[in-house]
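These notes are about the structure you will find just below.
Bear in mind these aren't lab numbers, they're just calculated from the coordinates by the rules spelled out. Keep in mind it's a predicted model, so treat the numbers as computed, not measured. Please note: Cβ atoms are built from the backbone with ideal geometry, for glycine as well, and neighbour counts cover all protein chains shown.
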Amino acid sequence: MNSFSAAQRSRVTMLDVAERAGVSKASVSRFIGDDRALLSDAIALRIEQAIEELGYRPNQMARGLKRGRTRLIGMLVADIRNPYSIAVMHGVETACRQHGYSLVVCNTDRDDEQERQHLANLRSYNIEGLIVNTLGHHLDQLRELHQEMPMVLVDRKVEQLHSDLVGLDNPAAVNAALSHLQERGYRDIVLVSEPHDGTSSRIERVASFHNEIAQRPGLHGQVLETGSALTQHLKHFLAAPGPGPKALFCANGVAALAATTALRELDCPLFDEIGLIALDDLDWYPLVGNGITALAQPTEAIGASAFECLLKRLRGDTQPLRVLDFAAQLIVRGSTRGR
């Protein structure tokens, strides 16, 4: 066993190994590369012993660049603080690791300039493929990258970017939410959404909500956005006469937190006067009142499938573009106990 420190090991070079083993640098390169079979057993043993004695660690990035392979996958995320983004990213990273790839994550923080810089950085890292969860405002850069490597979109469509798309079946999720609320006796429904700001999934959920309400004569619906005015808007909603018991449908976890906070500010008993169902299923949902009813997104599966689509393209798949829409799972808790 050697006693080299991590710092000492990092300074050991291939030439040091070659000198210790009494062989050429080319022989060491063959040993740590794909040509080990070209070496005699005696030379291979000497190199192996020298590597162990010196604590040599090959530079994997340099080896990858030499072969034109880095086994790096890039992921561009709009907001790494969003629980959905974190969960999907975990699914991507787990799948990457299972297939011998590493993940480089860049958070744009919903800032166009950050996105531009990150796209430039990802190109310099020589990533082999890219998973995108942003608005795609820098379309020219994305197109240039797409000409060089496969790309998969997660949750958010970029219409001008012809790539595989993995996400939630939003119309089906909205249908399931309103069906559940209607079955529980709620008739006056508010959809609480973050401002759509061009995000295709938010736009799709709002459009699906309007379509479903129009097809359900017994329901009345309206849309409110998160922000400083949400508490006041909810106060008016609670006080206004309506066609029947009231409920909120929160379009994601961020909207659910905003709506729940607003209800507490209004001293509204949770959930005696109003029902609530939310897309996403976050760890804190069971802790509020008797628990918040959720439509859980299969985030791990979405992340893993995004990587698997990318891997197929990396391996030469030329099939037509895929759109993978996953179903949400209804988890009933006390917030929709019925009226």
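Here are a few things to note about the model shown:
- All aspartates and glutamates inside 19 Å of LYS235 as judged from Cα atoms, apart from same-chain residues fewer than 8 positions distant: ASP188, GLU194, GLU225, GLU265, ASP267, ASP272, GLU273
- Fewest-first sequence of ASP281, ASP109, ASP140 by Cβ atoms within 10 Å of each Cβ: ASP140, ASP109, ASP281
- Cα-based helix-to-principal-axis angle, 112-124 vs the chain, degrees rounded to 10: 30 degrees
- Charge sum, other residues only, whose C-beta stays under 13 Å from ASP317's C-beta, Lys/Arg counted +1 and Asp/Glu -1: +2
- Point-charge dipole on Cβ atoms (K/R +1, D/E -1) for the chain, about Cα centre, debye to 20: 700 debye
- Residue-wise HN-Hα coupling along the stretch 245-253, computed from phi with Karplus coefficients 6.51, -1.76, 1.60 (Hz; x: Gly, Pro): x, 9, 8, 10, 10, 8, 6, 6, x
- Farthest toward the positive end of the dipole of the stretch 217-339, out of GLY227, ASN252, PRO269, is the Cα of ASN252, where the dipole comes from beta carbon charges about the Cα centre.
- Rounded FRET efficiency, nearest 0.05, which uses the C-beta distance separating THR94 from ALA327 and R0 of 22 Å: 0.60
- Counting only alpha carbon atoms, the long axis of helix 200-214 and the longest principal axis of the chain meet at about 30°.
- Placing a pseudo-label 7 Å from each Cα along the Cα-to-Cβ vector at LEU45 and LYS25 gives an inter-label distance of 2.8 nm.
- Listed residues MET89, MET149, MET14, most fluctuating in the chain (Gaussian network, C-alpha, under 10 Å): MET14
- Rounded to 10°, Cα long-axis angle of helix 299-314 versus longest principal axis of the chain: 40 degrees
- Taking the number of Cβ atoms within 10 Å of each Cβ as an exposure proxy, the fewest-first ranking of LEU119, LEU276, LEU324 is LEU324, LEU119, LEU276.
- For the chain, built as a Gaussian network whose Cα springs stay under 10 Å, the top-fluctuating residue of ASN252, ASN107, ASN170: ASN107
- Stokes-Einstein D for the stretch 105-228, Kirkwood Rh over Cα pairs, 20 °C, 1.002 mPa s (µm²/s): 129 µm²/s
- Likely footprinting exposure, GLU113, GLU212, fewest C-beta neighbours within 10 Å first: GLU113, GLU212
- Neighbours of ARG123 by Cβ distance under 14 Å: Lys/Arg scored +1, Asp/Glu scored -1, total -3.
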